[in-house]
Amino acid sequence: MSAHTGGRSAGPPLTRRQALQLGAAVALGGATASLAGCSASSDAITSQLIHGATGGGLKDTLDPHFPVTMPDIARVRSLYEPLLRFTPDYTIEPSLATAVEHNADATEWTFHLREGVTFHDGRPLTADDVKASIERMADPKNPAALFSDIAPTVDLAASKALDDKTYRIKLKVPHSILDQVLASYSLGVVPRDFDVKHPIGTGPFRYESFLPGQRSHFVRHDGYWDHKAKVDSLLILDFGDDAAKVSALLAGQVHTIDNLPPYLASAIGQQGAHALVSETGGWVPFTMRVDQKPFSDKRVRQAMRLIVDRQQLIDQALSGFGRVGNDLYGPFDPDYLGTELPQRHQDIAQAKHLLKAAGHEDLQVELVTSPAVGSGGVESANLLVQQAAKAGVQVRVTKADPSVFYGPQYLQWLFAQDFWSTRLYLPQAIACALKTSPYNETHFDHPQFTELITSARRETDPARRRTLLQDAQRIEYDEGGLIIWAFANQVDGYSRQVSGVVPCREQPVSSYRFHLFTVKDQ
Amino acid sequence: MSTAASHAATPAPSPEPDRRDTAQGRSAGRAWTRWILKRLGLAVLTLWVVSLIVFVATSALGDPVRAILGKDFAVSPERVAQIRAAMHLDESLPQRYWIWLSGLLRGDLGTSIANGVPVSELIGAKVANSAFLVLVVTLIMVPLSLGLAILAARHRGGPIDNAIQVVTLALAGVPEFVTGILLVSLLSTSVFHILPAVTVLPAGAMVWQRPLGLILPVATLVIAVVPYLARILRSTLVETMDSDYVELARLKGIPERLVLRRHALPNTLVPTVQVSALQLAWLVGGVVLVEYLFNFPGIGAALVDAVRNGDFPVVQALAMVIAAVYIVVNLVADALSILLTPRARTEMVA
């Protein structure tokens, strides 16, 4: 498959004089060179990329399989690598595995490992390491989050290294897209004697120090098999506050930040920084429980979907940074049907008609939201109140604390919101639309749909799988309980000194591929 | 104005108490010991009551395991069991309190649930950073407020006084994070680029090793506290300067400068100490917004983070630290007040 396109930065050769922290602030201001002396620290002579990450706290971890916070994801991506990986436009390409084969019923998957891959401690990657990593991800007591639906189906005893560079995993239940699952950033390969206290991986950066909630310092992995990092070291700083994060970027104390407040996207351009806008497959749906009145009536759900003015929600709740959704998820899946089915628009007359037919002409319903839902959540809930009023539907918004929203009542709310990040269609459906799904907010349990998903999971022929998945999407489009009004665009910020940053669909800040960034002296 | 100070209004400063001190040195020492022991006893009692409140309050916040795991609660029963065991959640409330308190007495603050690291290790550096910030702010705040108050009182009604009054009133009305944002855009990002906008510390470094990074947080807090303190001190000073004994001193022909320094000022020291102590205690844990704004690694933001994570051992430890600071600062302030009030001083010995 094709090599990274984002890696080829045509920037000038790296200068070693890259000043740190305050030094960068001075460079940006073009003043008082005397201050640069104050930035001297043990690593001051090397070139360093400093990333300001949103959030983080004492929960921060270096565990490859359980990243929780944004800085965790940035760290995991720098230290570890999965067997396969996603390109900027969200298709899979080889990473640690150069080739993948499976048997006819997709129960045996064979991975051929790349030659010349070494861990941070210099040891070569072997199939035994992959075996140990899969065992760690599939640990029945504590499976990795993105592996939890597959973990119980892995036959660990029968999964083994065929030789030094070949690993075969055996599944008890067929899974036709295991390769796509194993391209997830949080399913990194670690050495067989891995201990999170000495976090060793094959990634472009090597662990140096880590202080939860504050900072992590990594240095370049000189034995990296792919594009070696262009900077000597990487510093990731946690920021609890948006204002502090943006100030740090503008003052030149950090080079890149994730999750720039969208309303600042144009303003920071005048102050020496750029906004990076990337399309993502992330969504913040309204969730209607299909097993309870009034939403148990399909017509009421359809009416609610017609009440929503999607573009207005994007303009106001997402500051314009989003694309209209069509009540289906997985927009980057090659089998995505949302663009082929008729786009739903606000249609108050039709909504009223459907409500009348269902006997819910003056519908009153409580919508539960929370700041924990993330950007655009509470704002879109408030806007929905006005939009619903046009159709005579009275929506009352209840704003719950994060611990209440995701407390005992989570997945029980009649009408609420939630958040999801970029995924392909099948893993997403398995996570949220089956009776057995861990996060089935809408209590969707449609026999025909379940049958289609189960078949698709086993189906190894891409064309036949496409038919199954698209039939499943038609069912969700007509009868589902999700109102997917938009896919958000990710807005990040980076300094003028940084080049090599390209929009990526998978994750913020060019999917945190810091090794491809160059930091110039100004 | 405190009553102790007004009672103590002695017309002239006299060296007599000092002479008496040498004669009664031993009994004075004993009186002080008794006073300090009594206050320490009260302090310990207060801390114990605080520990009860902190413990019950954190226990009443609902199921901590759900707060910790959030969306993952339903899907990871193993982790639920693990956390329940680590927090002794299956024991009764008094038993849990005893486990916690006895640990506390041994200096064991417990282990963070969020990341399994001992709490003392997690908060040690942050407590030191916050303490240093408060110390620097105090060293600037007290002389600056007192200076402004004297300047204003001295020129009461004049343009200097008016200017000070207007400026301090205006600044007192601005929330501290607004001041902080304005300072950052003035000195770091938009106008000039001379100071770092946020605190960036190398691994293992403490805030005092990056003095430039301290300037903006300290300036923000000084601007937040000084106007309030200066206004209170000015009104105390003005009140004293209107009193009969000061008038008498003036009638004796003592120059106004001396009247202020030797007659009026000593009586404003007690309120200075008391008001400063309250401000200090607030500065220790109450400056979350300022810590966030400058990414300052202090305990205010750590406490908010811990509450958000449902990390109860950290919440409890920090609440106890903040309570202890309140108690110690007030104890010191009371001792200083007695030392600075001749009448109270002699009463102690008598």
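The values are calculated or read from the model by the stated rules, or taken from the named source; none is laboratory data. These numbers come from a predicted model, not from an experiment. Backbone-built Cβ (ideal geometry, glycine too); neighbour counts: all protein chains shown.
Considering only residues that are touching a strand residue (DSSP E or B) at 6+ places or on another chain (Cβ under 6 Å) and buried (at least 22 other Cβ atoms within 10 Å of the Cβ), which ones fall in the stretch A:156-177? A:TYR167, A:ILE169, listed by residue number. The listed residues are B:GLY204, B:GLY213, and the only one of them that is within 12 Å of another protein chain (Cβ to nearest Cβ) and either surrounded by 15 or more Cβ atoms within 10 Å (Cβ to Cβ) or within 17 Å of A:ASP241 (Cβ to Cβ) (or both) turns out to be B:GLY213.
Do we find that A:PRO294 is closer than 22 Å to A:HIS446 by Cβ, without any contact (Cβ under 8 Å) to a residue 60 or more places away in the chain and in a loop (DSSP other than H, G, I, E, B) in this structure?
Here the answer is no, as A:PRO294 does not meet what is asked.
The set of residues in the stretch A:338-368 that are farther than 19 Å from A:ALA317 by Cα and assigned to a strand (DSSP E or B) comprises A:GLN364, A:VAL365, A:GLU366. Of all residues assigned to the stretch B:248-256, none qualifies as being within 11 Å of another protein chain (Cβ to nearest Cβ), out of contact with any Asp or Glu (no Cβ under 8 Å at 6 or more places or on another chain), among the hydrophobic types (A, V, I, L, M, F, W, C) and over 19 Å from B:ALA301 (Cβ atoms). Here B:PRO266 meets each of (1) closer than 30 Å to A:ALA248 by Cα; (2) in contact (Cβ under 8 Å) with a residue 24 or more places away in the chain; (3) of a type outside the set (Gly, Ala, Ser) with one exception, condition (1). Which of the residues that make up the stretch A:196-225 are out of contact with any Phe, Trp or Tyr (no Cβ under 8 Å at 6 or more places or on another chain), over 29 Å from B:TYR292 (Cα atoms) and surrounded by 19 or more Cβ atoms within 10 Å (Cβ to Cβ)? The answer is A:TYR224, and nothing else. When you check A:ASP362 against the structure, is it away from chain B (no Cβ under 13 Å) and not polar (S, T, N, Q), yes or no? In short, yes. Remark: A:PHE111 matches the filter, which requires a residue to be in contact with a helix residue (DSSP H, G or I) (Cβ under 7 Å, 6 or more places away or on another chain), among the hydrophobic types (A, V, I, L, M, F, W, C) and modelled with pLDDT of 95 or more.
Candidates in the stretch A:98-121 are the residues that are touching a residue at least 40 places away in the same chain (Cβ under 8 Å) and of a type in the set (A, V, I, L, M, F, W, C); of these, the one that is farthest from A:LEU187 (Cα to Cα) is A:ALA104.
Only one residue in B:VAL284, B:VAL329 is touching a helix residue (DSSP H, G or I) at 6+ places or on another chain (Cβ under 8 Å), under 25 Å from B:PRO217 (Cα atoms) and free of Cβ contacts under 8 Å to residues at least 60 places away in the same chain, so which one is that? Of B:VAL284, B:VAL329, the one residue that is touching a helix residue (DSSP H, G or I) at 6+ places or on another chain (Cβ under 8 Å), under 25 Å from B:PRO217 (Cα atoms) and free of Cβ contacts under 8 Å to residues at least 60 places away in the same chain is B:VAL329.
A:VAL393 fulfils the conditions (1) more than 30 Å from A:SER148 (Cα to Cα); (2) touching a His at 6+ places or on another chain (Cβ under 9 Å); (3) surrounded by fewer than 20 Cβ atoms within 10 Å (Cβ to Cβ) except for a single criterion, (3).
If I ask for residues that are within 14 Å of chain B (Cβ to nearest Cβ) and charged (D, E, K, R), which ones from the stretch A:165-217 would you list? A:ASP195, A:LYS197, A:GLU208, A:ARG215, listed by residue number.
So how many residues does the stretch A:218-244 have that are closer than 17 Å to A:TYR512 by Cα and within 14 Å of chain B (Cβ to nearest Cβ)?
9
In the stretch B:157-185, the residues that are over 15 Å from A:VAL246 (Cα atoms) reach residues that are part of a loop (DSSP other than H, G, I, E, B) with C-beta atoms within less than 7 angstrom, at least six apart or across chains, in these pairs: B:ASP161/B:HIS155. Contact map, the stretch A:335-349: residues that are at positive phi paired with residues that are surrounded by 12 or more Cβ atoms within 10 Å (Cβ to Cβ), Cβ distance under 8 Å, separation 6+ or inter-chain. No pairs are found. If you go through the stretch B:298-340 and pick out every residue that is among the aliphatic types (A, V, I, L, M) and more than 14 Å from chain A (Cβ to nearest Cβ), you end up with 18.
Out of A:ASP139, A:ASP60, A:ASP72, one residue alone is of a type in the set (Asp, Glu), touching a helix residue (DSSP H, G or I) at 6+ places or on another chain (Cβ under 7 Å) and within 14 Å of another protein chain (Cβ to nearest Cβ). It is A:ASP60. Of all residues in the stretch A:126-174, those satisfying the criterion of being among the basic types (Lys, Arg), part of a loop (DSSP other than H, G, I, E, B) and modelled with pLDDT of 90 or more are A:LYS165, A:LYS172.
Evaluation of B:VAL225 against the conditions (1) touching a residue at least 24 places away in the same chain (Cβ under 8 Å); (2) closer than 30 Å to B:ILE338 by Cβ; (3) more than 25 Å from the chain's Cα centre (by Cα) shows that the sole unmet condition is (3).
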